[in-house]
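Chemist: Just dropping this structure here.
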Amino acid sequence: MKIKSLLVMGILLAVLALTACTGKEATDKQPSPNKGNETQKPTGKSEENRVLTIAMGSDIVSFDIHNHNNTSTEAVHDNMFNYLFKRDDNNVIQPELVDTFEQLDELTVQMKLKPGVKFHNGDPLTSEDVKFTLERVATDDTLKEFPNYKQIKQVDIIDELTFKIVTHAPEPSLFHRLSRLGSGMLPKKYIEENGWDHFLANPVGTGPYKFKQWVRDDRIVMVPFEDYYEGKEDEWDEVVFRVIPENSTRVSELLTGGVDIAVNVPPSDWDRVDKNDGTSMKKETSNRTIMLILRSTEGYPTSDVRVRQAIDYAIDDGSLAEFALKGGGIPTTTRVGPGNFGHNPKLYNTYNYDLEKAKSLLAEAGYPDGFEMTLHSPRGRYLQDAEVTEMIAGMLTQAGIKVNIEFMEWSNFVEMRSAKKNKDAYLLGLGNSMFDGAYSVDWYRAARFEGETDYKNDEIEELLKASASNMNSAEREAQIQRIEEIAAEDVPHVQLYQETINTGVSDRIVFTPTQDEMIYVPKIKRK
Amino acid sequence: MIKFLFKRILEFIPVLIIISFIVFSLVFVAGNPVALMLPEDASQEDIERLTVALGLDQPFIVQYGKYMLGLIQGDFGRSFRYNTDALPLVLERLPATLELAAASMVIAIIIAIPLGVWSATRKNTSMDLLATGGAVIGKAMPNFWLGIMLILLFSVTLGWFPVSGRGTMAHLVLPAITLGTGIAAEMTRLIRSSMVEILSQDYVRTAKSKGLRDFFVVYKHAFRNSLIPVVTITALQTSTLVGGALITETVFSWPGLGQLLIQAVNTRDMAIVQASVFIIAILVILMNLLADIIYRILDPRIKYS
């Protein structure tokens with residue numbers, strides 16, 4: 001028995017040791033922890049600590065800049081890849097990799113690249129790379145960014161730095177498209193010589209920081225690119241994007257000085273971050289608007305414009321923003337927020353709330369005693385979404401509308417929309433990475449939502465058609481603004497508020513979140 | 001013994017086929033992942049285009065047939081989300097999860113053995129009640145809650161351990177305690193009841209009557225015999241460990257299989273879910289086999305049949 005027991009204990013210990021050793025091997029491959037950044041409180045002065053650590057809520061999807069639809073992935077890519085154009089601090093589109101450009105006709109723009117731009121492997125950026133990059137995303141329909149670039153027909157090379165972009169039809173949004181992720185330049189020669197899998201494991205861009213390491217679901221490490229065309233960034237020796245999905249853990253890392261920036265801090269932790277010595281909350285309006293999408297299909301009470309208006313008047317957006325969101329929202333009656341092309345300031349930072357008017361509109365529509373409706377809502381997708389939905393239900397009840405809330409897990413919610421099984425209303429948040437109002441107001445186009453919302457307004461249809469190919473910028477802006485005004489009156493969607501971006505920041509750095517939710521490291525400085 | 005092992009290994013095959021079918025069906029029934037891959041404002045046309053491009057428009061039987069054909073050749077398919085082969089991605093994560101599981105098991109053993117034995121030797125005293133009550137609480141505490149509490153106390157307030165991540169031994173302590181506590185509670189109760197039974201046996205009374213010191217009676221005579229069920233149950237805790245790792249890894253940002261699997265389920269990344277469950281199933285089956293072997297070594301009365 002004694003020998004056998006020893007044998008058994010030996011086997012067990014061997015299994016444990018083996019598994020522990022396997023783990024240790026992998027552990028040794030991890031980057032050494034950021035010692036100055038680990039469990040100590042932030043020192044305030046950071047001369048010796050030139051490592052910037054940023055806590056993200058999710059890992060990047062991949063380094064294929066054309067094959068994801070993920071803002072937090074782009075926030076990381078933004079530091080490694082340059083775009084042809086870029087929005088400045090005032091959201092005005094400015095050339096980035098492009099030196100000069102000229103609109104030759106409605107379908108063609110000629111551009112010349114800045115000289116001396118290099119990829120991280122030393123190859124120069126040329127027109128060949130532009131053609132390779134843009135034609136890939138414009139023709140490969142399996143890529144997730146294809147819908148945003150399929151308008152490009154081809155890229156014609158004139159010389160090493162000069163090229164023409166030709167579109168299938170007049171494309172007023174072309175520059176908006178070229179100032180986002182799809183126009184991040186890929187190295188043609190490097191990819192063709194080494195293959196895609198090699199590129200995805202060892203990505204190369206032209207941006208201020210170059211790739212060092214990616215440990216999936218753990219961290220992405222970058223270092224400054226010595227030959228950056230605007231000069232080497234020397235503020236940080238290393239930038240670490242850490243993946244910390246759990247909100248409370250992310251906040252704890254910030255409080256203990258483990259990270260310098262924590263994204264998406266929930267309202268319940270705002271006070272904790274602000275009261276902690278060495279950290280504070282920074283808030284910025286996002287480009288995401290939360291709304292109720294109403295069903296205008298015949299047979300639904302919401303097919304009557306008066307009922308839709310009544311719902312709008314019964315909801316106190318100000319209270320939603322102040323109480324449910326704890327100040328994390330700005331009421332609006334348009335989805336096209338500031339910074340977007342076509343923004344209508346008259347409809348922003350305002351809302352309709354008049355309970356008596358809501359009741360009288362319902363009575364006019366033939367519902368003096370109200371009616372019963374279903375409101376679908378995701379839970380945990382948007383800031384305080386469940387609280388907002390419950391509060392809306394309470395507000396509508398006061399107007400006489402009995403609301404049956406159906407909370408849904410996100411994938412089921414998406415499935416419901418996809419199968420067009422939505423009932424009277426659902427809560428949705430929509431961003432606009434294009435920063436072009438045309439994409440927001442396209443949600444009123446009848447053909448697009450046939451069977452889902454069935455909303456149709458003839459004037460909006462005409463304006464949408466006219467603005468889609470209008471190369472006159474001023475006219476197009478006026479057309480988009482007019483659509484917003486009609487929609488605010490006709491209420492196919494009840495626009496509620498724009499969410500804020502809520503970021504916890506260490507006092508040792510200077511960082512201001514931006515509306516596009518990018519984390520552009522060259523703008524982050526030590527104090 | 002060899003015959004027994006051969007027979008058990010052959011039994012793996014139908015089990016793994018059944019598991020692959022169940023997981024494939026569940027992920028299939030959960031719906032089309034394409035809508036989740038695209039942004040909220042994607043058009044129906046975009047959704048349909050990508051569905052066709054990924055072959056997800058084909059009937060269940062065709063998709064499953066293709067999957068099984070790949071599986072026979074060792075190909076688990078490509079991850080939709082990461083656009084890379086699923087199996088290497090899963091295997092890449094395995095060491096982190098095994099490291100956490102091994103450390104949790106060590107912690108569970110360190111807590112459970114002395115506590116279980118101590119509690120059994122003080123049967124029905126207030127100390128025993130305290131220990132068994134503690135075990136019930138340990139088992140009842142949800143991993144995510146315990147994890148967050150440990151972070152708040154030991155990392156935020158006391159600053160003893162890093163909050164999250166993987167890198168040094170210090171990073172391992174809090175997640176291992178979180179995951180190990182539930183298992184320790186289970187083991188404590190098991191050791192206690194096993195010890196209580198053994199301590200009432202005649203040979204223990206004989207040993208005591210010979211005038212042996214309590215320590216020798218308890219640890220040399222009784223404890224060794226009480227280990228038979230404990231050792232086997234410990235091996236069977238693998239599935240509990242993996243289940244607990246899903247939550248613990250998320251709370252502590254531990255880059256293991258659990259985190260990968262949760263992400264994959266959320267995004268309906270079929271290939272990753274399949275590959276992860278497959279690997280976990282193999283681990284659990286192997287540990288069950290190990291438990292069987294250990295049991296037979298410890299207790300020769302059990303025959304290989």
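Chemist: Show me the helices (runs of 4 or more DSSP H) entirely contained within region B:215-305 in which 2 or more residues are of a type in the set (Phe, Trp, Tyr).
Modeler: B:270-298
Chemist: Every residue in region A:200-220 that is within 14 Å of chain B (Cβ to nearest Cβ) and surrounded by fewer than 20 Cβ atoms within 10 Å (Cβ to Cβ), please.
Modeler: Correct list: A:200, A:201, A:202, A:213, A:216.
Chemist: Given the structure, is residue B:229 surrounded by 16 or more Cβ atoms within 10 Å (Cβ to Cβ) and within 13 Å of another protein chain (Cβ to nearest Cβ)?
Modeler: On the way: surrounded by 16 or more Cβ atoms within 10 Å (Cβ to Cβ): yes; within 13 Å of another protein chain (Cβ to nearest Cβ): yes.
Answer is yes for this residue.
Chemist: Count, please, the residues in region B:77-96 that happen to be more than 8 Å from chain A (Cβ to nearest Cβ) and over 27 Å from residue B:237 (Cα atoms).
Modeler: 5
Chemist: Now for a separate question. Out of the residues in region A:237-282 that are in contact with a Phe, Trp or Tyr (Cβ under 9 Å, 6 or more places away or on another chain) and over 23 Å from residue B:255 (Cβ atoms), state the one that is surrounded by the most Cβ atoms within 10 Å (Cβ to Cβ).
Modeler: A:281
Chemist: Among residues belonging to region B:147-180 that are of a type in the set (Ser, Thr, Tyr), within 10 Å of chain A (Cβ to nearest Cβ) and surrounded by 15 or more Cβ atoms within 10 Å (Cβ to Cβ), point out the one that is farthest from residue A:250 (Cα to Cα). Walk me through how you get there before you give the answer.
Modeler: Residues of region B:147-180 of a type in the set (Ser, Thr, Tyr): B:155, B:157, B:164, B:168, B:178.
When the remaining residues are screened for being within 10 Å of chain A (Cβ to nearest Cβ), the result is B:155, B:157, B:164, B:168.
Right, trim to surrounded by 15 or more Cβ atoms within 10 Å (Cβ to Cβ) and you get B:155, B:164, B:168.
On the way: B:155: 12, B:164: 8, B:168: 19 Å.
So the residue we want is B:168.
Chemist: If you don't mind, there's one more thing I want to ask. Among the residues of region B:190-226, write down those that are closer than 18 Å to residue B:298 by Cα and in contact with a helix residue (DSSP H, G or I) (Cβ under 7 Å, 6 or more places away or on another chain).
Modeler: Step one: of region B:190-226, the residues closer than 18 Å to residue B:298 by Cα are B:190-191, B:194-195, B:197-198, B:219-226.
Within region B:190-226, B:190, B:191, B:194, B:195, B:198, B:221, B:222, B:223, B:224, B:225, B:226 meet the criteria.
Chemist: Can you name every residue in region A:44-64 that is at the interface with chain B (Cβ under 9 Å from one of its Cβ atoms) and modelled with pLDDT under 90?
Modeler: Within region A:44-64, A:58, A:59, A:61, A:62 meet the criteria.
Chemist: Next question, about the same structure. Please find, among B:11, B:45, B:99, the residue that is surrounded by fewer than 19 Cβ atoms within 10 Å (Cβ to Cβ), within 14 Å of another protein chain (Cβ to nearest Cβ) and either of a type in the set (Asp, Glu) or in a loop (DSSP other than H, G, I, E, B) (or both).
Modeler: Details: B:11 fails: within 14 Å of another protein chain (Cβ to nearest Cβ); B:99 fails: surrounded by fewer than 19 Cβ atoms within 10 Å (Cβ to Cβ).
Sole residue among the options that is surrounded by fewer than 19 Cβ atoms within 10 Å (Cβ to Cβ), within 14 Å of another protein chain (Cβ to nearest Cβ) and either of a type in the set (Asp, Glu) or in a loop (DSSP other than H, G, I, E, B) (or both): B:45.
Chemist: Also: Checking the condition more than 14 Å from chain B (Cβ to nearest Cβ), over 29 Å from residue B:38 (Cβ atoms) and part of a helix (DSSP H, G or I), which residue from A:128, A:102, A:135 passes?
Modeler: Working: A:102 fails: part of a helix (DSSP H, G or I); A:135 fails: over 29 Å from residue B:38 (Cβ atoms).
Exactly one residue qualifies, and that residue is A:128.
Chemist: Out of B:272, B:279, B:247, B:262, report the one residue that is touching a helix residue (DSSP H, G or I) at 6+ places or on another chain (Cβ under 9 Å) and either charged (D, E, K, R) or under 25 Å from residue B:9 (Cβ atoms) (or both). Spell out how you get there, then give the answer.
Modeler: Values: B:272 fails: either charged (D, E, K, R) or under 25 Å from residue B:9 (Cβ atoms) (or both); B:247 fails: either charged (D, E, K, R) or under 25 Å from residue B:9 (Cβ atoms) (or both); B:262 fails: either charged (D, E, K, R) or under 25 Å from residue B:9 (Cβ atoms) (or both).
Checking each option against the conditions leaves just B:279.
Chemist: Just to verify a result, which residue in region B:83-94, among those that are part of a helix (DSSP H, G or I) and free of Cβ contacts under 8 Å to residues at least 12 places away in the same chain, is nearest to residue B:196 (Cα to Cα)? Give the derivation first.
Modeler: First, pick out the residues of region B:83-94 that are part of a helix (DSSP H, G or I): B:86-94.
The next check asks that each one be free of Cβ contacts under 8 Å to residues at least 12 places away in the same chain; those that pass are B:88, B:92.
Working: B:88: 47, B:92: 44 Å.
Checking each candidate, the answer is B:92.
Chemist: Got at least one residue in region A:283-294 being in a loop (DSSP other than H, G, I, E, B) and in contact (Cβ under 8 Å) with a residue 12 or more places away in the chain? Can you show your working first?
Modeler: To start, the set of residues in region A:283-294 that are in a loop (DSSP other than H, G, I, E, B) comprises none.
No, that holds for no residue.
Chemist: Looking at region B:111-146 only, could you name the residues that are within 14 Å of chain A (Cβ to nearest Cβ) and in contact (Cβ under 8 Å) with a residue 12 or more places away in the chain? Walk me through how you get there before you give the answer.
Modeler: So the first thing to find is which residues in region B:111-146 are within 14 Å of chain A (Cβ to nearest Cβ), and the list is B:112-113, B:142-146.
Of everything in region B:111-146, those that are within 14 Å of chain A (Cβ to nearest Cβ) and in contact (Cβ under 8 Å) with a residue 12 or more places away in the chain turn out to be B:112, B:113, B:142, B:143, B:144, B:146.
Chemist: Same structure again: I'm trying to understand the selection: among the residues of region A:410-431, which are more than 10 Å from chain B (Cβ to nearest Cβ) and within 22 Å of the chain's Cα centre (by Cα)?
Modeler: Hits for region A:410-431 are A:426, A:427.
Chemist: I've got another one for you. Please work out if residue A:446 is more than 10 Å from chain B (Cβ to nearest Cβ), in contact with a helix residue (DSSP H, G or I) (Cβ under 9 Å, 6 or more places away or on another chain) and at pLDDT 95 or above.
Modeler: Values: more than 10 Å from chain B (Cβ to nearest Cβ): yes; in contact with a helix residue (DSSP H, G or I) (Cβ under 9 Å, 6 or more places away or on another chain): yes; at pLDDT 95 or above: no.
It is false that residue A:446 is more than 10 Å from chain B (Cβ to nearest Cβ), in contact with a helix residue (DSSP H, G or I) (Cβ under 9 Å, 6 or more places away or on another chain) and at pLDDT 95 or above.
The values are calculated or read from the model by the stated rules, or taken from the named source; none is laboratory data. None of these values were measured; they are calculated from a predicted model. Reconstructed Cβ throughout: ideal geometry from the backbone, glycine too, with neighbour counts over all protein chains shown.
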